[in-house]
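Undergrad: Take a look at the following structure, please.
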Amino acid sequence: MAHDTSSSASPSFTAPSTLLIIGSGVFGLSTAYALTRRPEWQSTQITVLDRAGGSAPSFPENPVFPARDASSIDSSRIIRADYADPAYAALASAAQYAWRQPGPDSIGGEGRYTETGFVLVADDEPPRVRNARGLEVKSGMGFARDAYANALAHARQAGRGDDGDWVQLLDNRAAIAKATTTGAELGDWGYLNRGSGWANAERAMAWLYERVEGTGRVKFVRGTVDKLEIDAGQRKVVGAKLMNGQSMRAELVVVAAGAWTPSLVDLRGQAVATGQVLGYMDITPEEQARLGQAPVLMNLTSGTFLIPPSNNVLKVGLHGYGYQNPKKVTSCLTVPKPTSISAFNDQEQFFPEISVSQPLTHLDDPTLWMPASGERALRKGLRAMVPWPSVADRPFTANRVCWYTDTPTGDFLVAYHPYWSGLFLATGGSGHGFKFLPVLGEHIADSIMGKCTPILKDKWAWKEVTDVERSIVTEDGSRGGQAGLILQTELRKNGPRI
Ligand SMILES: Cc1cc2nc3c(=O)[nH]c(=O)nc-3n(C[C@H](O)[C@H](O)[C@H](O)COP(=O)(O)OP(=O)(O)OC[C@H]3O[C@@H](n4cnc5c(N)ncnc54)[C@H](O)[C@@H]3O)c2cc1C
C-alpha cells in the first residue's frame, strides 16, 4: 500500500474538522484508510457510514461492512493490468505490485490473491466500430490489441518481456485453446498475461477493514442515508439524513455509495447503475482441481468471463452493458437552475422527482433470479469457455444481479461537486474498480486535497453534459451484450429456468 504522500496539498486546502464517508466499499474504505495516514487529517473526525453489514461470513461480529449486495463483496474479482488505456494500465500495475506481496501484512497475502494468468481474447472484428449513434468507438478487438501493447510494455519495463514467457501472443484459435487449458477456442486473437490473476474480494475487504479499524481513527456507523442535508443559501452540503430520522453533520461529505450514489446525487449524464449477471455452479472436486489451475478467461466481444473456481464453486460473469432499473425518486440532490430557486428554505425544490436507475438486488427481493436473456448469455459463454459436456450444460445453482456504477467512458468519478460545496464524489467504478483497492484510496485522498495527477484529475473529473436525458452506455470497448435493456421488462420475459 505504498504511495508518496510527501508532496504537499494544494495551498488552499485545509482538512475539515469532520468528514462523513457514505459507503464502505472499495472507494469509501480505501479513502478512509488513506486519510488516516496523512498528517493533515490528524485532527479530523472521520466517520464511515454503511447501510448494511454484520452479515459477512468472514466478519460475523462486524457491524459495519459493505452490504452483501455491494459490488466490492464477492468470492472473486479479476486483478489485471490489462487495459487499453495506458493510465489505468499503469495504475493497475502499481496495484498489482501490492497484490503480489506475500504474508499476513499484505492485502494479497494468505491466499487473498492468486496469480493464475489471464487469457484475454476477442472475436475477429475491426478495432474500431460504429455505435448506435453512428460514432466510431473501440471494439473488443481494439481493446485487446491496445491492452496487449500496454501489457507487453509493462512486462518489458519489469525485464520480463521479450521471450513471450510473461505476455504471450495468441494469434490463432489453436494457440488460444491451448492457453485456456480447458481446450476452449475462445476467440480469434488475444494473449495470455501470466502476471494477472484474481482476488477473493470479500477477504481482501475484510483485511482492509481490520487495518482501518486498527488505526482507531475511524468511527463506523450503521445506517442508511435517505438524502443529503444542505444549506441551500450557502450552496453547501452539511451532512446526511438517515432513514431512521437521525441527522449526521459533517464539514465534508464523501459519497462513495457505489451504484446507489446516483440515487443520492443527481448524476444524470455522469453515471448510472447497471445490473450485471453472475452465475454460480457447484462443481466436483475433480473439476475444481482441473479448473482451479486454469487462467482467468475473458472474451471481450461477448463480454463473458470465467474466474478459476474455489471451494468447488465455479463463477461465470458477463461484463456487459447491463440492465437499468429506472424508478422515480425524490432523494436525489440536483443542481437547481438559478431561475427555478423560489426560496432557500424550501428544501424540496432541490430534490425534485426524477427518474434514476436503482439497484435491485437479492437483499431487496430474495427470490430475484437474473433475466433469462442474461442467463442465456452466461450459458453461451460457459459453453465457449469450458467446452466439457459435464459442465457446459449443468444448471447454475445460484445467481446474482450485481450493480456497476457506469460512466460513459468507463472512467471513475472522483471529484468535488461543481455546484454544492462540502460534497465530494468517489464512485463510477464502471465494473473495473476492485483491482485498484491497494492504491485507489491514496489517489482519492490526493484528489480531495487538490493534488491528484493531471492525467487522473482529467479522467476522473465531473464532465460537462449537454443532454442529461441521454442514457449512458459505457463504450470503452470492453463490454459485450446489448445496450439499453430494462431490468423489469426483461424479468417479465423470464420463462422456466434453463
Ligand atoms: C458483477 C461484478 C463484477 C466485477 N468484476 C470486477 C473485476 O473482476 N475486477 C475489478 O477490478 N472490478 C470488478 N468489478 C467492479 C468493482 O467490484 C467495483 O468497481 C467496486 O467494488 C465498486 O466499489 P464501490 O465502493 O463504488 O461500491 P460498493 O462496493 O457497492 O460499495 C458501496 C457501499 O455503499 C453503501 N450504501 C449505498 N447506499 C447507501 C446509503 N443510502 N446509505 C448508506 N450506505 C449506502 C452500500 O451498502 C455499499 O456497501 C465488478 C463489479 C461487479 C458488480
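Undergrad: Which is over 29 Å from Asp74 (Cα atoms), assigned to a strand (DSSP E or B) and among the hydrophobic types (A, V, I, L, M, F, W, C), of Val119, Val129?
TA: On the way: Val119 fails: over 29 Å from Asp74 (Cα atoms).
Only one candidate qualifies: Val129.
Undergrad: Still on this structure: Take the residues of region 114-148 that are loosely packed, with under 15 Cβ neighbours inside 10 Å and out of contact with any strand residue (DSSP E or B) (no Cβ under 9 Å at 6 or more places or on another chain): which is nearest to Lys435 (Cα to Cα)?
TA: Looking at the filtered set, the residue picked out is Pro126.
Undergrad: Which one of the conditions (1) more than 14 Å from the ligand (Cβ to nearest atom); (2) modelled with pLDDT of 95 or more; (3) not basic (Lys, Arg) does Ser331 fail to meet, given that it meets all the rest?
TA: (1)
Undergrad: Against the definition (of a type in the set (Lys, Arg) and either under 25 Å from Gly195 (Cα atoms) or out of contact with any strand residue (DSSP E or B) (no Cβ under 7 Å at 6 or more places or on another chain) (or both)), how does Lys315 come out, yes or no?
TA: yes
Undergrad: Is it the case, given these coordinates, that Phe396 is under 30 Å from Asn200 (Cα atoms) and in a loop (DSSP other than H, G, I, E, B)?
TA: Details: under 30 Å from Asn200 (Cα atoms): yes; in a loop (DSSP other than H, G, I, E, B): yes.
Judged against the criteria, Phe396 is a match.
Undergrad: Which of the following residues is within 15 Å of the ligand (Cβ to nearest atom), modelled with pLDDT of 95 or more, over 20 Å from Ala201 (Cα atoms) and of a type outside the set (A, V, I, L, M, F, W, C): Thr36, Thr31, Thr18, Thr47?
TA: Details: Thr36 fails: within 15 Å of the ligand (Cβ to nearest atom); Thr31 fails: over 20 Å from Ala201 (Cα atoms); Thr18 fails: within 15 Å of the ligand (Cβ to nearest atom).
Within the list Thr36, Thr31, Thr18, Thr47, the selection yields Thr47.
Undergrad: May I ask you to list pairs of residues, at least six apart or on different chains, whose Cβ atoms are under 7 Å apart, with the first in region 420-434 being in a loop (DSSP other than H, G, I, E, B) and the second being basic (Lys, Arg)?
TA: The qualifying pairs are Trp420/Arg235; Trp420/Lys236; Gly422/Lys236.
Undergrad: When you go through (1) crowded, with 24+ Cβ neighbours inside 10 Å; (2) within 10 Å of the ligand (Cβ to nearest atom) one by one for Thr407, which number turns out not to apply?
TA: (2)
Undergrad: Additional query: Output yes when any residue across region 309-322 is in a helix (DSSP H, G or I) and of a type in the set (S, T, N, Q), and no when none is.
TA: Residues of region 309-322 that are in a helix (DSSP H, G or I), as a first pass: none.
Looking through region 309-322, none of the residues is in a helix (DSSP H, G or I) and of a type in the set (S, T, N, Q).
Undergrad: Restrict the check to region 462-484 and report whether at least one residue is at pLDDT 95 or above and over 26 Å from Ile230 (Cβ atoms).
TA: Checked region 462-484: no residue is at pLDDT 95 or above and over 26 Å from Ile230 (Cβ atoms).
Undergrad: Considering only residues that are closer than 21 Å to Leu19 by Cβ and surrounded by fewer than 19 Cβ atoms within 10 Å (Cβ to Cβ), which ones fall in region 446-460?
TA: Gly450, Lys451, Lys457 - these are the residues of region 446-460 that are closer than 21 Å to Leu19 by Cβ and surrounded by fewer than 19 Cβ atoms within 10 Å (Cβ to Cβ).
Undergrad: List every residue pair whose Cβ atoms lie under 8 Å apart, where the two residues are 6 or more positions apart in sequence or sit on different chains, the first residue falls within region 382-410 and is at pLDDT 95 or above, and the second residue, located anywhere, is among the polar types (S, T, N, Q) and surrounded by fewer than 16 Cβ atoms within 10 Å (Cβ to Cβ).
TA: That search, which allows pairs on different chains as well, returns nothing.
Undergrad: Filter region 410-421 down to the residues that are surrounded by fewer than 23 Cβ atoms within 10 Å (Cβ to Cβ) and small (Gly, Ala, Ser), then identify the one that is farthest from the ligand (Cβ to nearest atom).
TA: Applying the filter and picking the extreme gives Ser421.
Undergrad: Just to be sure, is Glu464 more than 16 Å from the ligand (Cβ to nearest atom), under 16 Å from the mean Cα position of the chain (by Cα) and not β-branched (Val, Ile, Thr)?
TA: Numbers: more than 16 Å from the ligand (Cβ to nearest atom): yes; under 16 Å from the mean Cα position of the chain (by Cα): no; not β-branched (Val, Ile, Thr): yes.
Taking the combined requirement at face value, the residue does not satisfy it.
Undergrad: What single numbered condition from (1) within 10 Å of the ligand (Cβ to nearest atom); (2) assigned to a helix (DSSP H, G or I) fails to hold for Pro438?
TA: Checking Pro438 against (1) within 10 Å of the ligand (Cβ to nearest atom); (2) assigned to a helix (DSSP H, G or I), the one that fails is (1).
Undergrad: Could you pull out the residue among Asn193, Asn172 that is closer than 24 Å to Gly109 by Cα, at pLDDT 95 or above and not hydrophobic (A, V, I, L, M, F, W, C)?
TA: Numbers: Asn172 fails: closer than 24 Å to Gly109 by Cα.
Answer to the check: Asn193.
Undergrad: Those residues that are in a loop (DSSP other than H, G, I, E, B) and under 18 Å from Glu251 (Cα atoms), I need them from region 16-37; list them, please. Spell out how you get there, then give the answer.
TA: Residues of region 16-37 in a loop (DSSP other than H, G, I, E, B): 16-17, 23-25, 37.
Within region 16-37, Pro16, Ser17, Gly23 meet the criteria.
Undergrad: I'm told Ala343 meets every condition in (1) crowded, with 16+ Cβ neighbours inside 10 Å; (2) small (Gly, Ala, Ser); (3) modelled with pLDDT under 95 except one. Can you identify the failing condition by its number?
TA: Tallying (1) crowded, with 16+ Cβ neighbours inside 10 Å; (2) small (Gly, Ala, Ser); (3) modelled with pLDDT under 95, Ala343 fails exactly one: (1).
Undergrad: Checking Gly279 against (1) surrounded by 18 or more Cβ atoms within 10 Å (Cβ to Cβ); (2) part of a helix (DSSP H, G or I): exactly one of these is not met. Which one?
TA: That leaves (2) as the condition not met.
Undergrad: Next up: Could you say whether any residue in region 157-166 is in a helix (DSSP H, G or I) and either surrounded by fewer than 16 Cβ atoms within 10 Å (Cβ to Cβ) or touching a Cys at 6+ places or on another chain (Cβ under 8 Å) (or both)?
TA: Keep residues of region 157-166 that are in a helix (DSSP H, G or I), which gives 157.
Checking which are either surrounded by fewer than 16 Cβ atoms within 10 Å (Cβ to Cβ) or touching a Cys at 6+ places or on another chain (Cβ under 8 Å) (or both) leaves us with 157.
Yes, there is a match, as at least one residue in region 157-166 is in a helix (DSSP H, G or I) and either surrounded by fewer than 16 Cβ atoms within 10 Å (Cβ to Cβ) or touching a Cys at 6+ places or on another chain (Cβ under 8 Å) (or both).
Undergrad: Of the conditions (1) of a type in the set (Gly, Ala, Ser); (2) in contact with a Ser or Thr (Cβ under 9 Å, 6 or more places away or on another chain); (3) modelled with pLDDT of 95 or more, Ser421 clears all except one; give me its number.
TA: (2)
Undergrad: So which residues in region 169-178 are surrounded by fewer than 21 Cβ atoms within 10 Å (Cβ to Cβ) and not in a loop (DSSP other than H, G, I, E, B), if there are any at all? Steps first, answer last, please.
TA: Looking only at region 169-178, we keep the residues that are surrounded by fewer than 21 Cβ atoms within 10 Å (Cβ to Cβ), and these are 169, 171-175, 177-178.
Answer for region 169-178, where residues must be surrounded by fewer than 21 Cβ atoms within 10 Å (Cβ to Cβ) and not in a loop (DSSP other than H, G, I, E, B): Leu169, Arg173, Ala174, Ala175, Ala177, Lys178.
Undergrad: Return yes when Leu306 is surrounded by 24 or more Cβ atoms within 10 Å (Cβ to Cβ), in a strand (DSSP E or B) and more than 14 Å from the ligand (Cβ to nearest atom) and no when it is not. Before the answer, list the steps.
TA: Numbers: surrounded by 24 or more Cβ atoms within 10 Å (Cβ to Cβ): yes; in a strand (DSSP E or B): yes; more than 14 Å from the ligand (Cβ to nearest atom): no.
Here the answer is no, as Leu306 does not meet what is asked.
Undergrad: Yes or no: region 181-196 includes at least one residue that is in a loop (DSSP other than H, G, I, E, B), over 23 Å from Gly381 (Cα atoms) and hydrophobic (A, V, I, L, M, F, W, C). Can you show your working first?
TA: From region 181-196, those in a loop (DSSP other than H, G, I, E, B) are 181-188, 194-196; that's our starting set.
Right, trim to over 23 Å from Gly381 (Cα atoms) and you get 195.
Applying the additional criterion that residues be hydrophobic (A, V, I, L, M, F, W, C) yields none.
Checking region 181-196: not a single residue is in a loop (DSSP other than H, G, I, E, B), over 23 Å from Gly381 (Cα atoms) and hydrophobic (A, V, I, L, M, F, W, C).
The values are calculated or read from the model by the stated rules, or taken from the named source; none is laboratory data. All values derive from a computational prediction rather than experimental measurement. Note that we place each Cβ from the backbone using ideal geometry, even for glycine, and neighbour counts take in every protein chain shown.
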